[in-house]
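Participant: Quick one: the structure is below, and I'll ask about it shortly.
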Amino acid sequence: MHNTARLLEAAAALSQLLRASNIPHAFYGGIFVAVMSNNPYADDIYCIVDGGLSHPFRRVRQAVSGSSHVTTIASPWCNRLHTTYHGFIPPVEIEILPAGEAGPRRLDANTTTTIRGIPFLSITEFLRAKLKAWAIRRQEQDAQEISYVVTRYWNRVDYNRVPEDDMNNFAKCHPAVAPAWLSIKRKYGL
């Protein structure tokens, strides 16, 4: 578990560098639920970056190249890039994910929301990304985050963007979300 305030400060520092380079991005992971629930601790944080004309990793490396507070660490053997924020001891790592691999292919006003001045995936896009992760690895932490978002923010979920089969399977495995999922369907006349 990480201190949410530290993760937010690291996210703000990285976001400032990415915005200065006009790179669309949004944060994702347990940090989103921690911020929405005012939890002082979060499990993880990721930054989804839009590719544009070049690979997202290249764009991030270029954006942080002149910073002494944020550096990058490439993991070529697993095709991953991590940024490290050195404002704290221990430093905070944020994994960079290409848009489309996790989350939407394009990051814009329809797929992101700003919370405390930091761009995050919208509730619907967060739900889509977490459902995809849960369908693949079936981790309890993913299930808890999905359950929190669906039961608390069901009225802000765009049914047309949610993979129905995955959500139906999730509701079967986690019956506590079934009423909220049914409410989403009713909202859309289904």
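Participant: Can you say whether PRO56 is free of Cβ contacts under 8 Å to residues at least 12 places away in the same chain and not aromatic (Phe, Trp, Tyr), as far as the supplied structure shows?
Facilitator: So PRO56 fails the test.
Participant: Same structure again: For the stretch 152-164, check the following and say yes or no: at least one residue is free of Cβ contacts under 8 Å to residues at least 24 places away in the same chain and either small (Gly, Ala, Ser) or surrounded by fewer than 18 Cβ atoms within 10 Å (Cβ to Cβ) (or both).
Facilitator: Scanning the stretch 152-164, I find at least one residue that is free of Cβ contacts under 8 Å to residues at least 24 places away in the same chain and either small (Gly, Ala, Ser) or surrounded by fewer than 18 Cβ atoms within 10 Å (Cβ to Cβ) (or both), so the answer is yes.
Let's see how each residue does on (1) of a type in the set (A, V, I, L, M); (2) surrounded by 21 or more Cβ atoms within 10 Å (Cβ to Cβ); (3) out of contact with any Asp or Glu (no Cβ under 7 Å at 6 or more places or on another chain):
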| site | (1), (2), (3) |
| --- | --- |
| PRO90 | no, no, yes |
| ALA99 | yes, no, no |
| PRO104 | no, yes, no |
| THR114 | no, no, yes |
| ILE136 | yes, no, yes |
| GLN141 | no, no, no |
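Participant: In the same structural domain as PRO56 (by TED's automatic domain parsing), under 19 Å from the mean Cα position of the chain (by Cα) and β-branched (Val, Ile, Thr): does that describe VAL157?
Facilitator: Considered against the rule, which asks whether it is in the same structural domain as PRO56 (by TED's automatic domain parsing), under 19 Å from the mean Cα position of the chain (by Cα) and β-branched (Val, Ile, Thr), VAL157 comes out as no.
Participant: Considering only residues that are under 21 Å from ALA109 (Cβ atoms) and surrounded by fewer than 17 Cβ atoms within 10 Å (Cβ to Cβ), look in the stretch 1-29 and name the one that is nearest to the chain's Cα centre (by Cα).
Facilitator: ALA12
Participant: State which residue is farthest from ALA34 (Cα to Cα) when the search covers only the stretch 110-147 and only residues that are in a loop (DSSP other than H, G, I, E, B) and not small (Gly, Ala, Ser).
Facilitator: Restricting to residues being in a loop (DSSP other than H, G, I, E, B) and not small (Gly, Ala, Ser), the top hit is ASN110.
The values are calculated or read from the model by the stated rules, or taken from the named source; none is laboratory data. Predicted model only: the values in this text are computed from it and were never measured. Don't worry about glycine lacking a Cβ; one is built from the backbone with ideal geometry, like all the others, and counts go over all protein chains shown.
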